[in-house]
Amino acid sequence: MIKKGKDNKLHRGVREKIIARAAELFAQRGVRDVTMDEISSSLSISKRTLYEIFEDKEVLLVECLRKHQEKVDKEINDTIESSNNILEVILKGYRKSIEELHGINFKFFQDINRYPKAATVFAEKRDRDVRGSVLFFHQGVEQGIFRDDINFEIFILLFHKQFDMLIKENDWRNYCFFDLYEFIIFTFLRGISTVKGLDIIEKFLVDFRKQNKSK
């Protein structure tokens, strides 16, 4: 638990700086390789101050995950409001995830399971996403983008399992992670899409690959 009694404006500001810096270091190097000493020294604060706000690294990791989840939820809501259909939301999310994953050391995902509280937060968020995503995909059916004979709960669970395997297994090291990531996502999406949906996917991929070649 985060310790109480220090929730004044100054401490809130320090707290936010700690979360931002820790999240940056965890993403760069994984969780296990980052120490609380390093976090405090990189912010020029005392270790005592750090431990007054976060009692240990796992509590800090949990707060980093929750902060990121809030950010992603807001981005998704903003994307939904600015998009014409559900598939457009998914494809914009894919583009954003590629940008984000380029800055993450995959040890970060592997390390989360070593911290039970953090793993629970991660799993609970995924469970909520699965439930919400089923309704989300059914909107795609109503829009004529996704087929109406798909069990979307199975679809979403299988997709998450594929992504977990990609992160955790070493069998893929002869291949580029991002090629595998693209293959999984678009194989799954093509499998549930109508002709209208397939057309949107192919146009997106042509544009996406053209933009990446020019970088």
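Tabulated data for the structure shown
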{"quantity": "The chain, relative contact order in percent, only Cα pairs under 8 angstrom and at least six apart counted", "calculated": "20 percent"}
{"quantity": "For region 112-127, Karplus couplings with θ = phi - 60° (6.51, -1.76, 1.60), whole Hz, Gly/Pro x", "calculated": "3, 5, 7, 10, x, 5, 5, 4, 5, 4, 4, 5, 5, 5, 5, 4"}
{"quantity": "Those aspartates and glutamates that a straight Cα-Cα span of less than 14 Å connects to LYS196, excepting residues fewer than 8 apart in one chain", "calculated": "GLU88, GLU142, ASP148"}
{"quantity": "Radius 15 Å from Cβ of LEU189, net charge of other residues (Lys, Arg +1; Asp, Glu -1)", "calculated": "+2"}
{"quantity": "For LEU87, LEU101, order by how many other beta-carbon atoms lie within 10 Å, fewest first", "calculated": "LEU101, LEU87"}
{"quantity": "Over 22 Å (Cα to Cα) - which of LYS117/LYS168; LYS17/LYS161; LYS47/LYS107; LYS47/LYS74; LYS125/LYS203 fall in this group", "calculated": "LYS17/LYS161; LYS47/LYS107; LYS47/LYS74; LYS125/LYS203"}
{"quantity": "Spin-label model distance (nm) - LEU205 vs GLN110, 7 Å beyond Cα toward Cβ", "calculated": "3.0 nm"}
{"quantity": "Order of GLU100, GLU81, GLU24 under a 10 Å beta carbon neighbour criterion, fewest first", "calculated": "GLU81, GLU100, GLU24"}
{"quantity": "Phi to ³J(HN,Hα) by Karplus 6.51 cos²θ - 1.76 cosθ + 1.60 over region 77-88, Hz, x for Gly, Pro", "calculated": "4, 5, 5, 4, 5, 9, 10, 8, 7, 5, 5, 4"}
{"quantity": "Whole-Hz couplings from phi, Karplus 6.51/-1.76/1.60, listed for region 12-28; x for Gly and Pro", "calculated": "4, x, 5, 4, 5, 5, 5, 4, 5, 5, 4, 4, 5, 5, 4, 5, 6"}
{"quantity": "Pairs of alpha carbons in the chain whose separation is greater than 30 Å (percent)", "calculated": "33 percent"}
{"quantity": "Length gained when the stretch LYS96-SER82 is fully extended (0.36 nm per residue, less Cα-Cα span)", "calculated": "3.6 nm"}
{"quantity": "Other-chain or far-sequence residues with amide H under 5 Å of PHE146's (modelled H)", "calculated": "VAL141, THR194"}
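We did not get these values from a lab; they are worked out from the coordinates using the rules stated. All values reported here derive from a predicted model rather than from experimental measurement. Positions of Cβ are generated from backbone atoms using ideal geometry, with glycine treated the same way; all protein chains shown enter the neighbour counts.
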